[in-house]
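Every number in this text was worked out from the coordinates using simple rules, so none of it is lab data. Everything quoted here is computed from the prediction, not taken from an experiment. Glycine gets a Cβ as well: all are built from the backbone with ideal geometry, and neighbour counts include every protein chain shown.
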């Protein structure tokens, strides 16, 4: 068993456990901290997938910016504890069954996929360039310039929208 | 060198997505529901990156960029809506917010 497998299993189990922590803890702050842990472990998984740039962004944007926003709002509203996860109601049981069904269907579908081949990685030059900032910037600013500008407009609209919605009086 | 197969990553993404979906369906706190939506978006990211590695195509990485940007916009607007709802209703429990149902 290679080191990559060991790291994969460590990060995969940690990711799944901390994601489970998000939905089973009653305290919203504990949920948020568990989500931060999930994002860090997922960044580890992204590095294993040779996506270093996305891993760095994941830590900076998700764990850094988005989760701070969540924590601010949780503390601003000073929420109490949610209802316990162990209380069963019909909607909860239906939700659990639907989720289990989806998981089973997805796992069965993925098992049927043909064996993956990463044959392209045999070329050392391609492997070295894969997922680097320069390669991503090259594709982003040449082929994906319009979506990139559209996303910047979307973020501007989101900023203005957030201020308009959250302010009591403008 | 033996690489971890893409299917392992896809199944991990499926597990993450299902955990997020379970949270959305089961939890009643609007903020925790938002966090679970973020989990589902991350599962989509993981799938994109797994296929990007398999095919040697960085378009998957760019899709992950765009998903992160959209998630940031969604979190900003969504949390603003949560604050506005809390201000007018005094609760963020989604069972008590059913005015638009009737």
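For chain A, modelled as a Gaussian network with Cα springs under 10 Å, which listed residue fluctuates most, A:12, A:105, A:55?
Maximum among the listed residues: A:105.
Using 0.36 nm per residue, how much length does the chain from residue A:143 to residue A:2 gain when fully extended, once their Cα-Cα distance is taken away? List each step's numbers first, then the result.
Working: separation 141, 0.36 × 141 = 50.76 nm, distance 3.71 nm.
Length gained between residue A:143 and residue A:2: 47.0 nm.
Count, for each residue of A:128-134, the Cβ atoms from other chains sitting within 10 Å of its Cβ, then give me the mean as a whole number. Can you show the working numbers first?
Details: counts 0, 1, 6, 7, 1, 0, 0.
That works out to 2 on average.
For the stretch A:101-170, what does the alpha-carbon gyration tensor say about shape, rounded, prolate or oblate, given a ≥ b ≥ c as the root eigenvalues, a/c under 1.5 as rounded, and a/b over b/c as prolate?
Here the stretch A:101-170 falls in the oblate category.
Enter the angle in degrees (range 0 to 90, nearest 10) between the Cα long axis of helix B:59-89 and the first principal axis of the Cα atoms of chain B, meaning the one along which they spread out most.
The helix B:59-89 is inclined about 10 degrees to chain B.
Using the beta-carbon distance between residue B:96 and residue A:13 and R0 = 25 Å, what value does 1/(1 + (r/R0)^6) give for FRET efficiency, to the nearest 0.05? Write out the running numbers ahead of the final one.
On the way: r = 37 Å, r/R0 = 1.47.
Here the calculated transfer efficiency is 0.10.
Please build a GNM for chain A, connecting alpha carbons under 10 Å apart, and tell me which residue among A:16, A:122, A:51 fluctuates the most.
In this elastic network of chain A, the residue with the biggest mean-square fluctuation among A:16, A:122, A:51 is A:122.
Taking beta carbons within 10 Å but only from partner chains, what does the mean come to for residues A:23-33?
Average per residue, whole number: 4.
What value, in deg cm²/dmol to 500, does the helix sum -39500 (n - 2.57) over DSSP H runs of n ≥ 4 give at 222 nm once divided by the residues of chain A? It would help to have the intermediate numbers written out before the result.
On the way: 8 runs with 120 residues, N = 170.
The per-residue figure over chain A is -23000 deg cm²/dmol.
Gaussian network model of chain A, Cα springs within a sub-10 Å range: biggest mean-square fluctuation belongs to which of A:38, A:15, A:99?
In this elastic network of chain A, the residue with the biggest mean-square fluctuation among A:38, A:15, A:99 is A:99.
Return, ordered by residue number, the residues of the stretch B:1-21 whose backbone nitrogen is under 16 Å from a label point located 7 Å along Cα→Cβ of residue A:115.
It comes to B:1-8, nothing else.
Neighbouring Cβ atoms within 10 Å as the yardstick, rank A:1, A:60 fewest first.
Taking fewest neighbouring Cβ atoms as first place, the list is A:1, A:60.
Counting only other chains, and only Cβ atoms inside 10 Å, what mean value do you get across the residues of A:141-152?
Counting other chains' Cβ atoms within 10 Å and averaging over A:141-152 gives 2.
Per DSSP H run of n ≥ 4, the term is -39500 (n - 2.57); total these for chain B, divide by its residue number, and report the mean residue ellipticity at 222 nm rounded to 500 deg cm²/dmol.
Dividing the helical sum by the residues of chain B leaves -27000 deg cm²/dmol.
Sort A:66, A:94, B:81 by Cβ crowding within 10 Å, fewest neighbours at the top.
Taking fewest neighbouring Cβ atoms as first place, the list is A:94, B:81, A:66.
Computed on alpha carbon atoms, what radius of gyration and Dmax characterise chain A, expressed in Å?
Spelled out, the Cα radius of gyration and Dmax of chain A are 20.7, 61 Å.
Where does each of B:30-43, A:143-156 land if you order them by average Cβ count within 10 Å, highest first?
B:30-43, A:143-156
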